[in-house]
Every structure is written in C-alpha cells, then in structure tokens.
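Remarks on the structure that follows.
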Amino acid sequence: MAKKGVIMKFFNREKEINEILLILEEEPNNIYFIYGPLNSGKSTLIREVITNRLDKSKYIPFFIDFRTRNILNVDNFIECLFEVDEKSKIDDFREYAKSLADLLVKGSEEISKYYLGMPIKIPKPFFDRIFSKKDKSADVYQYIEYLFAKLNEKGKRPILIFDELQMIKEITLNGNRLLLWSLFQFLVALTKVQHLCHVFCLSSDSLFIEYIYGKAELKGRVDYILVDDFDKETALKFMDFLAKEKNINLTNEDKELIYSYVGGKAKDIYDVIVKLKAVKDLKYILETKLREELNHLEELLENVEEDYEGINYDDVLKALKLFKDNYELPKSKIKRKIRIFLIKENILFLNPQKGILKPQSFLIWNAIKRLL
Ligand SMILES: Nc1ncnc2c1ncn2[C@@H]1O[C@H](COP(=O)(O)OP(=O)(O)OP(=O)(O)O)[C@@H](O)[C@H]1O
Ligand SMILES: [Mg+2]
C-alpha cells in the first residue's frame, strides 16, 4: 500500500469515535474533556475524527492547539485563538463575521486547505483594537459567539477543539485566575445555554482534569471521554497492524514480549516496531527503553532523597512500592502531597472519574518493579 507523505495510518478506536460521533449528532449540551494517560492517542483520535469521519457538509471544525505556542499571558492566549486577516480593513466584527460565515459555508476550497479544521480568522483592525482594551476577552467572546450564531443560521454547526488546554493553567497561576473561569463560562454559554457549537478540550494533565472535575460550578455542564492505553487484546492487534504496514514479521512470542514491556501504550508500541526495522534485536530494543525509564526514575528518587520541595523520600518509596503487586490503586491509598508529586512528575496517572491511580505507562510500572 502506498503511504502518502507523513500521514499515518489510523488504527481502531471505534468505540471512542462512535461516542464522539453520537455526541455530534445531538444538540451541543456539554463541554467534553477528552483525557487519558500521556501518549495514549488523544490528539490522533480527534484528528482522525475531524479529517476522515466528519460529515463536512454539516460541521465546521476549529482546532486550537495550545501546545505549539508559549502561553505566558492573556495576550498570548488570544493570539492563539485566531489567525489575523492582515489584509482586511473591516473594523466592525459583525460585518466581518457575516462575510466569514459566508466564506466558510461556500468556500470548500478554503476549508480543504486546512485539513485539521479552520483557524478562526479575525480582521486586523478589530484585532488591534481588542489589544488596546483592558478587558480583552469580552470582545473576543462576543466575536466568536456572533460568528458561530451566523454559521448555525446557515445550517452549519461549529466544533471547537482545544488541544493541550492545560497550557493556559500557567497564566491562571500567574495571577489571572479569572481567565480560565471566563473561558469556561463562555464555553458553557456556547454549549449548554445557546447550543451553538460542540466543544472538546483535550488534556493529558490529570491534575488539571481533577481540578475541573472537582468544580461544583461545572457539574452538569461538563462530561468526560477517556482515551486510555489499549487493552491487551487491542494492543496485540495494533502490533499486527503496524507490523504489516512496516513489513515486519512478528511472532506471537514477540508480541507477548513487547506487551510485557510497554503494555498498550500506542506511542511506545509504535516506537518499538519502527526501531525493529533497523535494529533486529527485539529484547535489546525493549531493554533499552526500560533502561531509559529506570534512569529517569532513579534520578527522580535521588533528587527526592536530597530533599526536593519537602517531599519525604520514604513516603515516595512506600507509595511506589504499592504498585509492585498492583497496576491500579484507589487514589486514597497515597497521601495527597505524595500523590500530587508523583502525578506532576508523570510517574502516575489519575483517573478522577474513577478515583484510580496507575503508572503513566507499563514501562514506568516495569521500572518501579525492577528498582524497588
Ligand atoms: N489510533 C492510532 N493509530 C495509529 N497510531 C496511533 C494511534 N493512537 C496513537 N498512535 C501513535 O501514538 C502516538 C502518540 O499519540 P498522540 O500524540 O495522539 O497521543 P496523546 O494522547 O495526544 O499524547 P499527549 O499525552 O502527549 O497529548 C502517535 O504519534 C501515533 O504514532
Ligand atoms: Mg496530545
């Protein structure tokens, strides 16, 4: 099979895709948080839905990726939301939104340029004016709301996607606590109140998801979609899928061995199989990967031993040892301070819906078991 450019073949995730497609069929009613451990395939999944599974005659996706920019303040946040139309002389946002809506509805050419979804265009004079104001976000929200209302009038439903939303947590911590809340209020208005667009927020930061989950103000306005690492059966199928694509032979023993090291983490399985093309020694590849994790964990423990932000070394060891015989544990088994430390360091992943902790990956799990 011919491979086109860098476009990667997508595997499975039918359950999650159907869940998202069913949500899209209904009136927008919730802000959806797509969460899961590091590198589980969240971004890949939503990209697949947008590029290949969406009825483009009904929806207009807008994709905003916070990871690609440094977001230190509210200005950065606003810049991230838009693509400035430098040529436009229009200062009145309603006038511009009307013509943009027309363009988006008619302009298949324009849309097909952006296979991942459109940026939200904004006319330069209006954009500049926003920046001269003290309360910038009010104008920003008003513009987006107006544009989305126009699209709905024309029978198109916008989909707003924020990847790596937790990146704006930093600004919130830098004293602008209001930003996150004004954004959520706006998103609630767009979904539950006005039903103008679908909203999906992606994040692998489980402390951020836990923070959202704990907010009483968001109860009944937010829902969650877990994109977890593959279970064993699916992981073995994914190996077959990749092996076929990369023209590699894998025996059942090979697959079992890969699973025992990296489990169902899409990215790790992918890396191992790609390496296999050049390095034939599977055991060596897996041991090298585990060694990396071991080094990282050893270094972290060394830092804690030398007193790291007041985290007690013995407490950390005790917490990690709990995972020697368990892959998953209720979060209450580990003291809050230690738990938060291990999640921040990407050693553990927290599922706030289930209240369960587990290692971020099988590799980390194996490192814990070997080291302790
Ligand atoms: N369904 C899939 N089919 C094929 N490859 C996949 C799939 N899901 C994930 N991958 C592989 O795993 C890698 C990591 O996926 P992705 O970047 O989507 O994870 P993520 O959960 O968004 O990560 P992060 O936690 O960093 O946000 C991809 O680059 C791809 O190689
Ligand atoms: Mg991602």
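The values are calculated or read from the model by the stated rules, or taken from the named source; none is laboratory data. Small disclaimer: the values here were computed from a predicted structure and weren't measured. Neighbour counts run over all protein chains shown; Cβ positions are idealised from the backbone, glycine included.
Structure summary
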{"item": "Residue count, the stretch 239-268 (criterion: touching a helix residue (DSSP H, G or I) at 6+ places or on another chain (Cβ under 6 Å), within 11 Å of ligand 1 (Cβ to nearest atom) and assigned to a helix (DSSP H, G or I))", "result": "2"}
{"item": "Residue, surrounded by the fewest Cβ atoms within 10 Å (Cβ to Cβ), within the stretch 121-154, restricted to residues that are without any contact (Cβ under 8 Å) to a residue 24 or more places away in the chain and outside any helix (DSSP H, G or I)", "result": "LYS134"}
{"item": "Identity of the residue in the stretch 262-293, under 24 Å from ARG13 (Cβ atoms) and touching an Asp or Glu at 6+ places or on another chain (Cβ under 8 Å), that ends up surrounded by the fewest Cβ atoms within 10 Å (Cβ to Cβ)", "result": "LYS289"}
{"item": "Any chance VAL274 is in contact (Cβ under 8 Å) with a residue 24 or more places away in the chain and within 16 Å of ligand 1 (Cβ to nearest atom)", "result": "yes"}
{"item": "Residues being surrounded by fewer than 16 Cβ atoms within 10 Å (Cβ to Cβ) and not polar (S, T, N, Q) - total across the stretch 20-30", "result": "5"}
{"item": "Residue in the stretch 187-211 that is nearest to VAL227 (Cα to Cα), counting only those that are assigned to a helix (DSSP H, G or I) and hydrophobic (A, V, I, L, M, F, W, C)", "result": "ILE209"}
{"item": "Set PHE200, PHE148, PHE126, PHE208: member being at pLDDT 90 or above and within 16 Å of ligand 2 (Cβ to nearest atom)", "result": "PHE200"}
{"item": "Residue within the stretch 4-16 that is within 16 Å of ligand 2 (Cβ to nearest atom), under 30 Å from LYS169 (Cβ atoms) and assigned to a strand (DSSP E or B) present", "result": "no"}
{"item": "Residue in the stretch 320-335 that is farthest from the chain's Cα centre (by Cα), counting only those that are free of Cβ contacts under 8 Å to residues at least 24 places away in the same chain and under 26 Å from VAL227 (Cβ atoms)", "result": "LEU322"}
{"item": "Any hit, the stretch 85-95, residues being aliphatic (A, V, I, L, M) and either under 26 Å from GLU217 (Cα atoms) or within 16 Å of ligand 2 (Cβ to nearest atom) (or both)", "result": "no"}
{"item": "Number of positions in the stretch 195-247 that are over 30 Å from LYS150 (Cα atoms), in contact with a Ser or Thr (Cβ under 7 Å, 6 or more places away or on another chain) and hydrophobic (A, V, I, L, M, F, W, C)", "result": "2"}
{"item": "Residue check for ASP254: within 16 Å of ligand 2 (Cβ to nearest atom) and at pLDDT 95 or above", "result": "no"}
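Residues are listed down the side, and each one gets a yes or a no for (1) modelled with pLDDT of 90 or more; (2) surrounded by fewer than 16 Cβ atoms within 10 Å (Cβ to Cβ); (3) more than 11 Å from ligand 2 (Cβ to nearest atom):
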residue	(1), (2), (3)
ILE34	yes, no, no
ASN39	yes, no, no
THR44	yes, no, no
ARG47	yes, no, no
PRO61	yes, no, yes
LEU72	no, yes, yes
